[in-house]
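Reading through the structure tokens given below for one structure.
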Ligand code: OSB
Ligand code: MG
């Protein structure tokens, strides 16, 4: 497929309410959106690193990296596969959210060219995906309990709770006390160190499905030590950025689960490769998200249709975070705890032109020579 032109947008998407985690309190999410053109067709991709607080990457940096270093490696060329695209970008180290925006746009374009839904092109088991509920740090335990009660009532298959200092063991004890049978896990977003091992040992009493990314964002060795000291399974998010890191995490005996995010690993191409590697090793996975617009969320949804994603995904309906969503059609539930991948060519979403314009901070166009 010949890449004629790439447009990149750095956007700021206002959240309906602040999202509070161990790495910060955000009221806006910054992302890069990429439109990739081939002939009459366009595909859309997204990378949503926001500020450099989750990883070292930011939307501002991703925008410059795409404009200056990445897009020029693709325009004017024939790119026949995701692997070929990744090989062309490989001389540029890291910058995975930036690469993901390009990789996703390529896959969307390829699926549109073949006139098939992206989930089918990826080899998914079917369009229906089981999704979970997710709650950031709240202003009070009563507020959290009310939200968890509503999620359980609505039939969500699992509940993820953001976890940070001051919103820790007592919070879990309270929620577990009120909901003894609900599948619950906590996400620490790399907020702790091995010195907190006694606190993690206390969590073993609460039958959590897993503890997500307890230690530093780029660590493996300390996670291996923690895994030896606690019974609750560990799930890595931030630390697994490639198949190679997944291999090391598995060989070190760290992981009960791996959270796979398109943005964090550099796109659908590496995400599918990590999924396949984990499947062959018998390690269950689930799909994570970064508060993407409907474009990125529908790419996440397509990924989540693969067969080794056995724990409910962090894919959310548009209204959970955005009113309105930058992209359409808006993401909605198709049943309790379920979102269905669209039966349309490609990922099934694209930006709504006037919203894209209103939310754009800067934009660039890269054409072939
Ligand atoms: O660690 O999974 C994470 C959101 C932004 C950045 C990092 C994370 C998250 C989430 C929420 O946990 C996922 C979502 O709600 O889409
Ligand atoms: Mg996480």
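The values are calculated or read from the model by the stated rules, or taken from the named source; none is laboratory data. From a predicted model like this one, the values you see are computed outputs, not experimental measurements. Cβ coordinates were reconstructed from backbone atoms using ideal geometry, including for glycine residues, and neighbour counts include every protein chain displayed.
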Residue satisfying condition, being within 24 Å of residue 112 (Cα to Cα), in contact (Cβ under 8 Å) with a residue 40 or more places away in the chain, in a helix (DSSP H, G or I) and away from ligand 2 (no atom under 16 Å from the Cβ), within set 270, 342:
270
If you go through the range 206-229 one residue at a time, how many are assigned to a helix (DSSP H, G or I) and in contact with a helix residue (DSSP H, G or I) (Cβ under 8 Å, 6 or more places away or on another chain)?
6
Please specify each residue of the range 14-45 satisfying the condition of being crowded, with 22+ Cβ neighbours inside 10 Å and under 14 Å from residue 321 (Cβ atoms).
29, 31
Top-ranked residue in the range 162-207 [being within 16 Å of ligand 2 (Cβ to nearest atom) and on the phi > 0 side of the Ramachandran plot; ranked as farthest from the chain's Cα centre (by Cα)]
190
What's the total number of residues in the range 286-324 that are without any contact (Cβ under 8 Å) to a residue 60 or more places away in the chain, surrounded by 23 or more Cβ atoms within 10 Å (Cβ to Cβ) and over 27 Å from residue 246 (Cα atoms)?
1
Which condition number in (1) in contact with a helix residue (DSSP H, G or I) (Cβ under 7 Å, 6 or more places away or on another chain); (2) surrounded by fewer than 20 Cβ atoms within 10 Å (Cβ to Cβ) is the one that residue 129 fails?
(2)
Wholly within the range 71-169, which helices (runs of 4 or more DSSP H) include no fewer than the required count, namely at least 1 residues that are under 22 Å from residue 296 (Cα atoms) and away from ligand 1 (no atom under 16 Å from the Cβ)?
82-89, 96-113, 118-121
Out of curiosity, is residue 229 away from ligand 2 (no atom under 16 Å from the Cβ), at pLDDT 95 or above and closer than 19 Å to residue 281 by Cβ?
no
Among the residues in the range 239-254, are any more than 16 Å from ligand 1 (Cβ to nearest atom), in contact with a helix residue (DSSP H, G or I) (Cβ under 6 Å, 6 or more places away or on another chain), more than 24 Å from residue 53 (Cα to Cα) and outside any loop (DSSP other than H, G, I, E, B)?
yes
List, please: which pairs have Cβ atoms under 6 Å, are six or more places apart or on different chains, and start with a residue in the range 130-158 that is at positive phi and end with one that is surrounded by fewer than 17 Cβ atoms within 10 Å (Cβ to Cβ) and at pLDDT 95 or above?
155/336
Set 348, 335: member being crowded, with 23+ Cβ neighbours inside 10 Å, over 16 Å from the mean Cα position of the chain (by Cα) and more than 16 Å from ligand 1 (Cβ to nearest atom):
348
Of the residues in the range 306-317, those that are farther than 13 Å from residue 128 by Cα and touching a helix residue (DSSP H, G or I) at 6+ places or on another chain (Cβ under 6 Å) come to 308
Return the total of residues in the range 63-92 being surrounded by fewer than 16 Cβ atoms within 10 Å (Cβ to Cβ) and closer than 21 Å to residue 290 by Cβ.
1
